[in-house]
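As structure tokens, the structure follows; a few thoughts come after it.
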Amino acid sequence: MRRLLDGLYLWAGYAAGGFLIAIFAIMMFMSAGRQFGLNIPAGDDIASWCMAACAFLGLAHTFKSGEMIRVGLLIDRLPGGVRRVLEAVSLALGLGFIGYFTANAVRLTYDSYRFNDLAQGVLPVPLWFPQLGFTAGLAILTIAFVDELIIVLRGRRPTYEKDPPRTAEEVIERAIAGGV
Amino acid sequence: MDLIAISGLLLLVLVLLLAGGVWIAISLLAVGWVGMLFVGEVNNPGYVLATKIWGNAASWELAALPLFIWMGEILFRTKLSDDMFRGLAPWLNWLPGRLMHVNVFASGIFGSVSGSSAATCATIAKIALPELKRRGYDDKIALGSLAGAGTLGILIPPSITMVVYAVAAEVSIIKLFLAGFIPGLLVMGLYSGYIIVWALLNPRKQPPPEPRMTLAHKLRESANLIPCGLLIILVFASLLMGWATATECAAWGVLGSFAIAAWSRSLNRANFWMSVMGTIRITSMIMLILAGASFMSTSMAYTGIPVALANWVDGFKLSPYMLIAALTLMYMALGTALDGISMIVLTTVVVLPMVQKAGFDLVWFGIFLILLVEMAEVSPPVGFNLFVLQTMSGKDSMTVARAALPFFWLLVIAVALITVFPKIVMWLPDKAFAEKVVPKGRS
């Protein structure tokens, strides 16, 4: 079970990586192709769908790696017991809101499918198809939240918690990962 | 309940959630949801949430964000940072303060290929800190200038923080990038000027000068910086001339970074995937925060709080300078607890209407905010650059914070200068945008 879940998060992350490469390829092709009169029909639309899939499919992997920003000022200084309770409350709240978000994203995608909504642009793709990446990413994040909540309730250390960096290389890695 | 009371309550909820360690994106969703409870006519807030965020996320303009992040990620994994010190040092030896200026210039150059401050600070410090120490430079100024100059990463385009602001404030990414250039040079000038003055006042703390080099030798030392210089010029020129949209420009930047990585033989399969996955993690993190923020803004717009607050503040009849002074203090306080991106997405929804009402340009305000985020990064207790340097130098946090203090004040001066002379910010974007008819989709 553990391996299955970790594989799910990681492969969703790789899929997100694939969409990143796709955005790059489309933008390069559009930019260079314009000089030669080549054009991808609805390239802008495809790039934006790739963007949504890229951002949302990577969520669970990001969350599990501890890259989701929170204010650690207080929680990092609390003693173990209190901290675990707060950790569980945070996870439960997170699960609630991400679950709520996911449920509505599923409804949105299902509605697009049911009413056969088509994209507005040059390429009339049924909208549910690009929405799948967005919805699947959120669903996988919900699973990751359930996963972490169970880990914390069992009294173990959450996966996203990291030790402070020690070497200069670790500091640089963290600094890059922070994105700020 | 009147609107001011509701906003007080929402603020309380937000502070409790954030202080309790709830992830920032989730806190924003929660506040948006609570806000919706006060609005009668919206019957399904969750559906609004999903629709709105899908609409915002599937955005071709936003695709510039992961590409700019990727560009930085690729370049961190090259030998660029090692070349930087060697390549710049021979040219700066004649200035009072000597190699101390390498910190400022190297950060400025690295800032033009990277969109992150902490990463700029860490990358430059890794090389500069031991080199300066070995040559006997003053620790305090070395640490302070590294902390301060590292913040140039977000002021000199490309900048992750600017993309986030541009999305939150609905202004053009390109305009904002262009607006950052001259203030970036201004801040570099202030830093270098301070180092010169300090060096002239403390001649005894100066180490002996480096041995002289012939011009050919100097050029040879700097040769490895040429590809990076070309990349910067390419990105800058395509933004300025309007050759490419921000997203295309970012894609060219990625291509150029690959070329540099290949040139320095640091491009391999492992590095490539590390850069891809690193990019994904930053992108996803920022996008969920943006998603939470866009839901919160929607909910706020339904409640009418931003307009009410803008009117309320307008009622005080503050002069524009007073408003900016008050906002500066507010952001300095926020900066003690929050990172830059959160600071921006949390506040834009209520602050922008006020600022607009007072007659400020939103592009100008973006640069103002970026400078305040920079100040937050060099002030305790959560200043990220301080943390980076503290770990790298092995000094305690107070020493590093005190060393960074003069550079914090220089940023305050920069804020004052751009407030009194807004042209510093607006000249370049106005010039670039006035001369051409902007093609469709290139806003």
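Quick note: the coordinates plus some simple rules give every number you see, no bench work behind them. Nothing here was measured: the structure is a model prediction, and the numbers come from that model. Note that we place each Cβ from the backbone using ideal geometry, even for glycine, and neighbour counts take in every protein chain shown.
Spin-label point model (7 Å from Cα, Cβ direction): what's the B:ALA270 to B:TRP94 distance in nm?
4.5
How would you classify chain A from its alpha-carbon gyration tensor, with a ≥ b ≥ c the square roots of the eigenvalues: rounded for a/c under 1.5, else prolate if a/b is greater than b/c, otherwise oblate?
Oblate shape, in that a/c is at least 1.5 and b/c is the bigger or equal ratio.
In nm, what is the difference between 0.36 nm times the number of residues separating A:PHE36 and A:ASP163 and their Cα-Cα distance?
Length difference between fully extended and current span is 40.5 nm.
For chain B, what does -39500 (n - 2.57) per DSSP helix run (n ≥ 4), summed and divided by total residues, give at 222 nm, in deg cm²/dmol to the nearest 500?
-25000 deg cm²/dmol
Rounded to whole Å and sorted largest first, what semi-axes of the equivalent ellipsoid does the C-alpha gyration tensor of the range B:89-240 yield via the square root of 5 times each eigenvalue?
Taking √(5λ) for each eigenvalue gives 30, 18, 13 Å, largest first.
Select from B:LEU62, B:ASN43, B:CYS121 the residue farthest towards the positive end of the dipole of the range B:22-132; place +1 on Cβ of Lys and Arg, -1 on Cβ of Asp and Glu, and compute about the Cα centre.
B:CYS121
Determine which residues of the range B:14-48 fall in the zone a paramagnetic label at A:LEU74 would reach in this model, i.e. backbone nitrogen under 15 Å from the point 7 Å along Cα→Cβ.
Hits in the range B:14-48 for A:LEU74 at 15 Å: B:14-24, B:27-28.
Mind checking the angle between helix B:226-241 and chain B's longest principal axis? C-alpha axes, 0 to 90 degrees, to the nearest 10.
40
Determine the shielding of peptide B:270-279 by partner chains: average, over its residues, the number of Cβ atoms on other chains within 10 angstrom of each Cβ.
Neighbouring Cβ atoms belonging to other protein chains average 4 per residue here.
Given R₀ = 25 Å, FRET efficiency for B:LYS79-B:THR214 by Cβ-Cβ distance, to 0.05?
E between B:LYS79 and B:THR214, to the nearest 0.05, is 0.55.
Taking trypsin sites (Lys or Arg not before Pro) as exposed when DSSP calls them loop (any state but H, G, I, E, B) and at most 16 other Cβ atoms lie within 10 Å, what is the longest stretch of chain A free of them, the sites themselves excluded?
A:1-153
Among B:ASN103, B:GLY315, B:SER222, flag the residue with its Cα farthest along the positive direction of the charge dipole of chain B, charges on Cβ as +1 for Lys/Arg and -1 for Asp/Glu.
Farthest along the dipole direction, towards plus: B:SER222.
Extension gain A:MET28-A:ASP6, at 0.36 nm per residue separation less the Cα-Cα distance, in nm?
The span from A:MET28 to A:ASP6 would gain 4.6 nm if fully extended.
For the pairs A:LYS64/B:LYS52; A:LYS64/B:LYS140; B:LYS126/B:LYS218, note any where the Cα-Cα span goes beyond 30 Å.
Table pairs above 30 Å Cα-Cα are A:LYS64/B:LYS140.
Per residue and in cubic angstrom, what volume does the convex hull of the Cα atoms of chain B have?
Considering the Cα atoms of chain B, their hull volume per residue is 153 Å³.
Restrict the search to the range B:84-137; then list the trypsin sites (Lys or Arg not before Pro) that DSSP places in a loop and that have at most 16 other Cβ atoms within 10 Å of their Cβ.
Hits after loop and neighbour filter: B:ARG135.
Using +1 at the C-beta of Lys and Arg and -1 at the C-beta of Asp and Glu, which of B:ALA179, B:PRO157, B:ALA199 has the Cα lying farthest in the positive direction of the dipole of the range B:106-220?
Positive-end residue among those listed: B:ALA199.
Please report the projected area of the range B:292-424's Cα convex hull averaged over all directions, in nm².
Mean orientational projected area (the range B:292-424, Cα hull): 8.8 nm².
Run the dipole for the protein assembly as shown about the Cα centre, Lys and Arg Cβ at +1, Asp and Glu Cβ at -1, nothing else charged, and hand back the magnitude in debye, nearest 20.
1340
If you keep only loop residues by DSSP, which trypsin sites (Lys or Arg not before Pro) in the range B:171-214 have at most 13 other Cβ atoms within 10 Å of their Cβ?
Of the trypsin sites (Lys or Arg not before Pro), the ones in loops of the range B:171-214 whose Cβ has at most 13 other Cβ atoms within 10 Å are B:ARG212.
Please report, largest first and rounded to whole Å, the three semi-axes of the ellipsoid equivalent to the range B:238-327, where each semi-axis is the square root of five times an eigenvalue of the C-alpha gyration tensor.
Result for the range B:238-327: semi-axes of 43, 20, 13 Å.
Pop the C-beta distance of B:LEU230 and A:LEU123 into the FRET formula with R0 = 45 Å and round what comes out to the nearest 0.05.
E(calc), rounded to 0.05, equals 0.80.
Dipole size in debye (nearest 20) for chain B around its Cα centre, Lys and Arg Cβ +1, Asp and Glu Cβ -1?
1260
At most 14 other Cβ atoms within 10 Å plus a DSSP loop assignment makes a site exposed; report the longest stretch of chain B without any exposed chymotrypsin sites (Phe, Trp or Tyr not before Pro).
B:95-242
Amide H neighbours of A:VAL125 under 5 Å, at least 5 residues apart or on other chains, H built in the peptide plane: list them.
Placed amide hydrogens put A:ALA119 under 5 Å from A:VAL125.
Could you work out how far the C-alpha centroid of the range B:39-77 sits from that of the range A:104-120, in angstrom?
With the range B:39-77 and the range A:104-120 each reduced to a Cα centre, they are spaced 18 Å.
Mind listing which trypsin sites (Lys or Arg not before Pro) in the range B:246-343 are in a DSSP loop and have 13 or fewer other Cβ atoms within 10 Å?
B:ARG265, B:LYS317
Taking only Cα atoms, what is the 0 to 90° angle, nearest 10, from helix B:340-357's long axis to the longest principal axis of chain B?
Approximately 60 degrees, to the nearest ten.
Indicate the gyration tensor shape class of the protein assembly as shown (rounded, prolate or oblate), computed on the Cα atoms with a ≥ b ≥ c the square roots of the eigenvalues: a/c under 1.5 is rounded; otherwise a/b larger than b/c is prolate and the rest oblate.
The shape class here is rounded.
Give me the angle, in degrees from 0 to 90, between the Cα long axis of helix A:80-114 and the longest principal axis of the Cα atoms of chain A, rounded to the nearest 10.
The helix A:80-114 is inclined about 20 degrees to chain A.
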